[in-house]
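First up is the structure itself, then whatever we jot down about it.
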Amino acid sequence: MPFGTRGGIRVTHFFPHDGDYDLRAFLAKESLSPLEGVRFFRLRLSKVKAGSHTVIVTFPDEFAEHEGPVLDVGGPGGRPLGGPLDVLGTAIRPTLEFRLDGRRLKLFEISGMTSGEAAFDGQPGPPTLGRIEIAGPYNPTGPGQTPSRAKIFTCHEDSCAETLLTPLVRRAFRRDITEKDLQPFLKTFAAARAKQNFETAIAAALRDLLISPDFLFRLELRPTLSNFELATRLSFFLWSSLPDDQLLNVAATGKLNQPATLEAEVRRLLAHPRSAALLDNFAAQWLGLPALATVAPDRELFPAYDTALRTAFETETRLFLGSLLRENRPVLDLFGANYTYLDERLANHYGIPNVTGPGFRRVALGNHPERGGLLAQGSILLLTSHSTRTSPVLRGKWILDNLLNSPPAAPPANVPPLDETPANGRKLTAREQVERHRANPSCASCHDRIDPLGFALENYDAIGRWRSSDEGGPINAKSKLASGTELDGPQGLKTMLLHRSDEFVHATLERLLTYALGRELDPRDQPTIRDIMRQTEAHGHRFHDLILATVKSVPFQSRQ
């Protein structure tokens, strides 16, 4: 969002045709007067070119200091009626800004409640945005010259159909093609062209291409992958998409499977912006981040939580993991890093000073060691909590599942929920409730593995804030593993995981190889994992080294 603004909505929207469009912005319900059911602001976007455009609707702050409402003072809205005044009585009137591709289109002044309405319904706060709507096209003038059309239609003559279709079929099939491969699509074009215009006939050929088995399926026909099959597997691993022309051209030389050439292509693909797909897809599956969308903390118990805070949690984790991958840092920095990424809202939530403004930036944590590493980030702490309280059980299980790849046994079907009944007239802490539960010998066998890990994170509440007590009393974050190892809070847990680095690296490699191969591992894959660990140990198991060793491994270069 633009600097000097607050709130609002930013979206990248695809406009399908050249033409006019309507942009409407609706204020949120809490910003309306008691007599209003809806209030929106409308702008006609004229002569928008087809393609993707960034639409922003936001509230400018104009870097001005806000003054609060004044009581019983007349303003532009008329004489005072007593009681609190509306926003018209303040020195600065809120405005709503519409932008397209970074360019301001219009600034609306937002009228507030009348003073009488404000007195009736209480003091209104600053306006907030409920939703935006984009409608159209109106008066369309054609499909427009989008980037995809410009790449496909380099000419418009019937004689160049083969010239247009050849590179598209090659990209779709992910290999060099023959005349036999191309003929079905040229026949489709010819049949459609007899009845329709040139562009519609090309579209018919592309429609056939997109349902072709060679496009829909990744066919691997030999025990050892060909260069083109290796290019496809490599591209889907790192980009979650088709190989680009350069990768296909390297494969066409027959040299992609040579170690030096393969390493050069891996590093090129990792340096490309499309490698963000590896971060988004692999990290999301590995850490279970998509489940954040389903977590809903109790709003009465945690009024500070909202969708914007959840988005900030996700952004922090994504930027943090991206830095580890981009900078080729050791995989153990997942726990031991002394920095994170924050904006002002998230820094205030964590209690970290001197972070100002809406932009996320890298923040050193020298004075806040409790915030270093993945386990101190709000995304993971929220994901492993219940809606009303923390859960040492969920947190311990998440560590065993996702970080050590050593999941505990499934609980029996008749396990009772935690007993939250007070004891001796005092409400119990979350830890005390779990300890009462695990006193049952049939529960203790599993909980001895799970609970100590979760107890170490009890200083973080359900939405990631640091605390020294909960409703039941002071926090006790000390615990002891079944092996006898003592943990003292989050730092003790990090230290333990760093000392058990071989287990963590092994578990991480199992997840990475599973993702790269697109199948479950079996005992025959374990020698490969141990070999990759030996290859990457000298430099601390850096992310690029793990990926490169995975790509060079026998399972990656062989058909299952």
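Observations, loosely collected:
- Residue identified as farther than 28 Å from Leu513 by Cβ and in a helix (DSSP H, G or I) among Ala161, Ala264, Ala251, Ala260: Ala161
- Filtered residues of segment 304-327 (kept if surrounded by fewer than 16 Cβ atoms within 10 Å (Cβ to Cβ), of a type outside the set (A, V, I, L, M, F, W, C) and assigned to a loop (DSSP other than H, G, I, E, B)): Asp306, Glu327
- Taking the numbered list (1) surrounded by 17 or more Cβ atoms within 10 Å (Cβ to Cβ); (2) out of contact with any His (no Cβ under 6 Å at 6 or more places or on another chain) in turn, Phe198 passes all entries but (2).
- Boolean, Ala410 is closer than 23 Å to His499 by Cα and small (Gly, Ala, Ser): no
- Each residue in segment 510-534 was checked for being crowded, with 16+ Cβ neighbours inside 10 Å and free of Cβ contacts under 8 Å to residues at least 60 places away in the same chain, and 9 of them qualify.
- First in segment 542-560 and in a helix (DSSP H, G or I), second anywhere and surrounded by 20 or more Cβ atoms within 10 Å (Cβ to Cβ) and among the hydroxyl-bearing types (Ser, Thr, Tyr), Cβ under 9 Å, 6 or more apart: Asp545/Thr536; Leu546/Thr508; Leu546/Thr536; Leu548/Thr536; Ala549/Thr536
- Check on Pro297, touching a strand residue (DSSP E or B) at 6+ places or on another chain (Cβ under 8 Å), of a type outside the set (D, E, K, R) and not in a helix (DSSP H, G or I): yes
- Selected residue (criterion: nearest to Leu403 (Cα to Cα)) from residues of segment 285-319 that are without any contact (Cβ under 8 Å) to a residue 24 or more places away in the chain and not polar (S, T, N, Q): Pro290
- The number of residues in segment 471-483 that are buried (at least 19 other Cβ atoms within 10 Å of the Cβ) and either modelled with pLDDT of 90 or more or not hydroxyl-bearing (Ser, Thr, Tyr) (or both) comes to 2.
- Only one of Arg175, Arg222 that is out of contact with any Cys (no Cβ under 9 Å at 6 or more places or on another chain), in contact (Cβ under 8 Å) with a residue 60 or more places away in the chain and loosely packed, with under 12 Cβ neighbours inside 10 Å: Arg222
- Criterion violated by Glu537 - all others in (1) surrounded by 16 or more Cβ atoms within 10 Å (Cβ to Cβ); (2) out of contact with any Lys or Arg (no Cβ under 8 Å at 6 or more places or on another chain); (3) over 19 Å from Leu374 (Cα atoms) satisfied: (1)
The rows are residues; the columns are (1) at pLDDT below 65; (2) under 27 Å from Tyr341 (Cβ atoms); (3) basic (Lys, Arg).
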| position | (1), (2), (3) |
| --- | --- |
| Thr384 | no, yes, no |
| Gly396 | no, yes, no |
| Ser406 | no, no, no |
| Ala409 | no, no, no |
| Thr421 | no, no, no |
| Ala430 | no, no, no |
| Ala439 | yes, no, no |
| Ser442 | yes, no, no |
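- Tallying residues that are touching a strand residue (DSSP E or B) at 6+ places or on another chain (Cβ under 9 Å) and among the β-branched types (Val, Ile, Thr) within segment 460-512 yields 3.
The values are calculated or read from the model by the stated rules, or taken from the named source; none is laboratory data. Being a predicted model, the structure only gives us computed values, none of them experimental. Here Cβ is always computed from backbone atoms with ideal geometry, including for glycine, and neighbour counts include all displayed protein chains.
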